[in-house]
Protein chains: 6
Amino acid sequence: MTRPISRFPVPAIDELPEDVRARILAVQEKAGFVPNVFLVLAHRPDEFRAFFAYHDALMEKEGGLTKAEREMIVVATSGANQCQYCVVAHGAILRVRAKDPRVADQVAVNYRKADITARQKALLDFAMKVSRHSEEVGDADLEAMRAAGFSDDDIWDAGAIAALFALSNRMANLTNMRPNDEFYLLGRVAPTGTRSPK
Amino acid sequence: MTRPISRFPVPAIDELPEDVRARILAVQEKAGFVPNVFLVLAHRPDEFRAFFAYHDALMEKEGGLTKAEREMIVVATSGANQCQYCVVAHGAILRVRAKDPRVADQVAVNYRKADITARQKALLDFAMKVSRHSEEVGDADLEAMRAAGFSDDDIWDAGAIAALFALSNRMANLTNMRPNDEFYLLGRVAPTGTRSPK
Amino acid sequence: MTRPISRFPVPAIDELPEDVRARILAVQEKAGFVPNVFLVLAHRPDEFRAFFAYHDALMEKEGGLTKAEREMIVVATSGANQCQYCVVAHGAILRVRAKDPRVADQVAVNYRKADITARQKALLDFAMKVSRHSEEVGDADLEAMRAAGFSDDDIWDAGAIAALFALSNRMANLTNMRPNDEFYLLGRVAPTGTRSPK
Amino acid sequence: MTRPISRFPVPAIDELPEDVRARILAVQEKAGFVPNVFLVLAHRPDEFRAFFAYHDALMEKEGGLTKAEREMIVVATSGANQCQYCVVAHGAILRVRAKDPRVADQVAVNYRKADITARQKALLDFAMKVSRHSEEVGDADLEAMRAAGFSDDDIWDAGAIAALFALSNRMANLTNMRPNDEFYLLGRVAPTGTRSPK
Amino acid sequence: MTRPISRFPVPAIDELPEDVRARILAVQEKAGFVPNVFLVLAHRPDEFRAFFAYHDALMEKEGGLTKAEREMIVVATSGANQCQYCVVAHGAILRVRAKDPRVADQVAVNYRKADITARQKALLDFAMKVSRHSEEVGDADLEAMRAAGFSDDDIWDAGAIAALFALSNRMANLTNMRPNDEFYLLGRVAPTGTRSPK
Amino acid sequence: MTRPISRFPVPAIDELPEDVRARILAVQEKAGFVPNVFLVLAHRPDEFRAFFAYHDALMEKEGGLTKAEREMIVVATSGANQCQYCVVAHGAILRVRAKDPRVADQVAVNYRKADITARQKALLDFAMKVSRHSEEVGDADLEAMRAAGFSDDDIWDAGAIAALFALSNRMANLTNMRPNDEFYLLGRVAPTGTRSPK
C-alpha cells in the first residue's frame, strides 16, 4: 500500500548536475534526510533550480513576516488546496519554526480556529484570498492588511508565498508527491536535551 | 492565545446528571483524559445522551467495516468540512485503530492520495459523496460500493457515519470546540515495550 | 412510477422492538398515518432511538424559539440540501405550526423572500450558515443573532437544529426516503370545524 | 409581513396599452385571477410583449414535449435558481397539466428523486445543465437526449425553455416578484365532480 | 477545424418569413455582414421575433445607461457565463460604442480591473450579481446602485439586460453558436479617415 | 481612468541589477516594448530571476508541445482564473505563435468551443484540471492524455505550465498588473508584406 514518491521518473542523486546534487546533499546534511520534493523535482533540473531559487527568495530572506508566519501561509493554503505533501512537510517545518506542536494541524484544517494572533489571522485571511480567489483581491484587502500592521513589503511577501505554493501544490498533486515518513513526527516531541540550553 | 474549549458554558462534572457523569468518568478512566466533546456537549444533557447513543450505535457495534475504516470516514469527511476538533481527535483514534502513524494526516488532507486499499478508496468516495453532495447519491453509487465488496449493511453504515459527522462537524464548528492537547501526539509513537511482543 | 419508501429493507411494525413499535403507534395515533421516516429508520432500532431522542430534545422542548421557527430552520436548510422528504414532511408541519398555508413553500425555495419577520430572517441566515458553511461561523455571526434578540440558548438551538437536519437530510438522501402522500396537502386547507373548538 | 408584489412600480390595468391590457384581461378571464408576473412586467410594456411572445412560442406551441414536461423544466430549473415566484406559480401549472398533486413539490426540491419516467429524468438532466452550466453543454449531452428518445427539435425546446426561465428567474428575483396566494393550492385538490367522469 | 455556426439547422435567408428576412437584410446593410445570432435563431422564427424584440427594448431605447454601459453588462456577464459568441460579438460592439479598443477585453476577463469609472464598477457589481446569484439580490444591492447615482429605471435596465443575456448565453451555448470572423477585429483599429472629422 | 501598471513600486530600469536590466532590454529589443510583467516583477530582483528562469524552462525549451499549444494552456487557465494581464498578453503571443487571429479569444472564453484539434482539447482538459482542481488529478487523467498521443514528458510540461501560471495569475492579480496597450492588437492583423514570402 506504500505508493512511490512520484508518478514520474526519479533520478539517482549521483546522476544529477553538480549544483542540483550539491543542493540535495546540503539539505540532507542539515535535515538528516532528503525531502522528497527535491528528488521529485530533480527530474527537471532547470525547473528544480527555478523553484528553489523562488522558494529561497521568499522563505529564507529577512523581512517583516517571521519564518513561522510564512510557513503558516504555506500550511493554510496547502490545506485548502488539498496538497498532502505540502501540508505534511511544511506542517513539520511550521511546528519547528513556531516551536509549537499543535499549530500546524490547527491551521491545516481551519485557520480561523487556530491558536494564532489576530495579526496572523488577518495575514491568513489575505493569503487565503490570494490563493483561492485572487481575481477578487482589491484595495480593501490591502487596507485590511495595513490595518493589521503589515507593510506593503509584507503584503507582497504574503501574496507571493501564497502564489508560489499555488504552483507547488499543483506540482505535488501532478506528480503524486509522497511526503517522507520523517515529516509526520518532526516538531511534535522535544528532542531530549537539545532545545533547552538556548 | 489559547482559546477556551467552547463558546458556550461548560458544566462542572460534578453538577451533571448521574448517567452523563458516569459516561464521562468512564471515558476518562479508559483514555486518561476527558475528550472535550464530552464536556462541551454536556451543556445539554439530553442532546449529549442522544449524540453518544448515535455514536455508539454506529462506531462501536460489530459489522463489515473495521473500526479503522469507520474512523477513516470520520477523518476524511471532517477534513472536507474543516472541522478542527474532529480531524484532530478522530485522527488520533484512527492512528490507534489502524496502528498506523501516518494514515490520518493523509486522509484528512486528501484521501485520494492516502496509503489505503482500493476498497477503502471506494468507501471514502461514497462517504464523501454522502457528506458533501448527498442530493446526488444515486443507484450508481450503491452499485460502486457493492462492486468494491460492500454489503448493503456496510453501505448504510458508511452513509450513516458520514451523516452523523455532518452533525458532529457542525456542532464542533458552532461551539468552537477545542481539541485536547493529548490528541495531537496520540498514536504517533509506539509506547515503549507495548507493540513489540506481538 | 411510484418508488418505494426506502432503498433499504423496511421492517414490519409488529416485528420491531417494543419501544420502537410503541413510538410508531403513538405517532400514528396522533397524526393519522405513520410518517415514512419512522419506518425507514426502524431498519436500525438503535439509530432510530438515538435519532428521535435527538429530535425530541431539540424540537419538542420549551425554549426561546417557537415551534414554527424551529420548523422554518428545518425547511430552509433541507431545501438548500435538496432533501425531498424533509422539505415535504416538515413543510407540512411548518404550515400547521405557523397556521400559515404559504410560508413553507416560500422558505423552502428562498427564505430571503419569505413573509417572515426580520428576526426570523436573522435566524435563518444563521441556521443556513451552520448548515452550509459551518467552518466559517465566527463571533460576528453570534453577535448578529444577539442583536436580533436571540439568547445564547436560542443560538445553540438554532445551530443544533441545523446540525441535526444536516444528518437527517443525508439519511433521507442515502435511503431515498419517500414522503408520505398525506404531507403534501396537510396544513394547506383549514379542515371544516376541526381546529376552532380549541 | 405581507410584502408587495414588486420592488418596482406596478401600473394600474386601465392605464396600460390596449394590447397589454387585453392580454391581462384574457388571462384573468381564464384563470380567475391575474398572475402577478403580468402586473409586474407590465411596468415595461415592450419587455412585457417580448417576454410573453417568447413564453408562448415555447410553452404553448405543439411539439414533442408534453406541456407537463415543459412545466417540469420550469419548476426544476427555477428551484435550482431559488426563484420563489416561478416555483410556486409554475408548480401549480405543473400540477394541473400533469394531473398530479405531488410531482411539482418533488421536482422543485430534487428532480432526481421525483416520480417521473426515465425519459423525463434525462430531460431534466439536460435542462438543468443548460440552466446551471451551459458552458459545458457538449455533443455527449445531445447524444444522451437522443438516446432517451428526444428529437433535435425537442432538444432545442428543452434548452430554450431552460434559457427563457434563466431570464424569468432573474427578473422575478430582481423585482422581488410575489406569487399570488391562489397558486399555492391550485392543482392540489380535485375540484368536486370534475375528474371522475373520465 | 472550423466548426459550423450552429448545432441545429440554419435556414436559407430567402426561405425565411418576410419580417425575419427583412430584419436580417437590414442588419446586413448596416453592419456589412450578418451576425450569426440572426441566422442561428432564425431556425425558430417566433423565438427570433421575441428575442430581438426583447433585445431592442433594452439595448436600443433611450435611458440613463449609455449604450456602451449596456454592452459592458453584456460582455462582463457573458464572460462569467463563458459564452464565446456573446463575448466576441458584444465585445466588438462595446469597443465601437465606447470608442475604446481595450475595454471589452478587460471587462470580459475581470471587470474589477478594467479602466472604467467607479459608477460603472458599481453597475457591473450589480449586473453580475443578477446574472450569477440573483437569488441573493436584496435591498442593499439596490441601495448601492442608488448611492452610485442610478435611478430605479436604470436599476431595472441593468438587471433586465443581465437577465436577457442569461438567456442569450444559454442559447449560444446550446446551439454552439459561432462568432463571425468579422467581430474579432471590429473596433480595434480606427478606420482611416472616419473618426477624425468629429 | 487609466490605472498604473502595479499596486507596488515599479523600479526605474537603470537602477536595476545588471542581469535584470539586460533581460529587460533584450525583450524590449525583440518585442519593441517592455511587457509590464518585467517591470512589475523587477521590484523584487530575486523573484524576477526565479520567475523568468521557470518561465524559460517551460515555455522556451524544445518538446512535444508546440509553442502555440503551451500558450493555449496559459490563455485557457488564465481565463478561468480571471487574470487580465495573462489573458491579454499571452493571448497576443498565442495569436502570433499559432498564426491565428481568433484562437486566443476563443480559448480565453471557453476552450471547449475553440477551433482547436481534439488533441488540443484533451490537452486543455488536463491543464484546466491541474489549474482548477489539481487535488483530483488521478491516473485516469494521465491515461486520457496518453490516449490523446501525449508522452509523459508532455504531461509534465502541460501540468507544470498550468502550475506556473497558477502562480503568475496570482502575482498579476496581487499586483494589479496592467497589460501593455500593445498587446491588444498584436497578432490580429498581418503586417503588410511580412508573412507572405514564407
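The values are calculated or read from the model by the stated rules, or taken from the named source; none is laboratory data. Bear in mind the structure is a predicted one, so any value in this text is a computation, not a measurement. Here the Cβ is made from the backbone with ideal geometry for all residues, glycine too, and neighbour counts use every protein chain on show. Surface areas here come from the heavy atoms of the whole protein model, side chains and all, with no ligands, DNA or RNA. Shrake-Rupley method; radii C 1.70, N 1.55, O 1.52, S 1.80 Å.
Taking the stated definitions as given, is residue A:53 more than 16 Å from residue A:169 (Cα to Cα), at pLDDT 95 or above and aliphatic (A, V, I, L, M)? For residue A:53, the condition - more than 16 Å from residue A:169 (Cα to Cα), at pLDDT 95 or above and aliphatic (A, V, I, L, M) - is met.
Listed conditions (1) within 7 Å of another protein chain (Cβ to nearest Cβ); (2) of a type outside the set (A, V, I, L, M); (3) part of a loop (DSSP other than H, G, I, E, B) are all met by residue C:105, apart from (3). Could you go through region C:118-127 and let me know if any residue there is free of Cβ contacts under 8 Å to residues at least 60 places away in the same chain, within 18 Å of the chain's Cα centre (by Cα) and closer than 30 Å to residue C:3 by Cα. The answer is no, given that none of the residues of region C:118-127 is free of Cβ contacts under 8 Å to residues at least 60 places away in the same chain, within 18 Å of the chain's Cα centre (by Cα) and closer than 30 Å to residue C:3 by Cα.
Considering region A:13-56, and only residues there that are under 29 Å from residue B:112 (Cβ atoms) and not in a helix (DSSP H, G or I), the residue that is most open to solvent (accessible area, probe 1.4 Å) turns out to be A:43.
Among residues of region D:1-21 that are within 14 Å of chain C (Cβ to nearest Cβ), those with a beta-carbon under 9 Å from a residue that is assigned to a loop (DSSP other than H, G, I, E, B) and acidic (Asp, Glu) at least six positions away or on a different chain give the pairs D:1/C:115; D:2/C:115; D:3/C:115. Here residue F:152 fulfils each of the conditions (1) within 8 Å of chain A (Cβ to nearest Cβ); (2) touching a residue at least 60 places away in the same chain (Cβ under 8 Å); (3) more than 28 Å from residue A:130 (Cβ to Cβ) apart from (2).
Any residue in region B:167-187 that is small (Gly, Ala, Ser) sitting within a Cβ distance under 7 Å of a residue that is open to solvent by less than 20 Å² (accessible area, probe 1.4 Å)? List the pairs, counting only those 6 or more apart or interchain. Sorted first by the residue in region B:167-187, then by its partner, the pairs are B:168/B:86; B:172/B:83; B:172/B:85; B:172/B:86; B:187/B:92; B:187/B:95.
Is it the case, given these coordinates, that residue D:100 is at the interface with another protein chain (Cβ under 8 Å from one of its Cβ atoms), assigned to a loop (DSSP other than H, G, I, E, B), open to solvent by 10 Å² or more (accessible area, probe 1.4 Å) and not small (Gly, Ala, Ser)? Spelling it out, it is not the case that residue D:100 is at the interface with another protein chain (Cβ under 8 Å from one of its Cβ atoms), assigned to a loop (DSSP other than H, G, I, E, B), open to solvent by 10 Å² or more (accessible area, probe 1.4 Å) and not small (Gly, Ala, Ser). If the condition is being open to solvent by less than 20 Å² (accessible area, probe 1.4 Å), farther than 22 Å from residue D:43 by Cβ and more than 8 Å from every other protein chain (Cβ to nearest Cβ), then region E:115-149 contributes only E:124.
The single condition among (1) under 14 Å from the mean Cα position of the chain (by Cα); (2) at pLDDT below 95 that residue F:157 does not satisfy is (2).
Output yes when any residue across region F:164-177 is in contact with a Pro (Cβ under 9 Å, 6 or more places away or on another chain), more than 14 Å from chain A (Cβ to nearest Cβ) and of a type in the set (S, T, N, Q), and no when none is. Taking every residue of region F:164-177 in turn, none turns out to be in contact with a Pro (Cβ under 9 Å, 6 or more places away or on another chain), more than 14 Å from chain A (Cβ to nearest Cβ) and of a type in the set (S, T, N, Q). Just to verify a result, which residue in region F:73-124, among those that are touching a helix residue (DSSP H, G or I) at 6+ places or on another chain (Cβ under 7 Å) and acidic (Asp, Glu), is farthest from residue F:177 (Cα to Cα)? Only one residue fits best here, namely F:115. The set of residues from region F:61-94 being open to solvent by 30 Å² or more (accessible area, probe 1.4 Å), more than 10 Å from chain A (Cβ to nearest Cβ) and outside any helix (DSSP H, G or I) comprises F:62, F:63, F:64, F:66.
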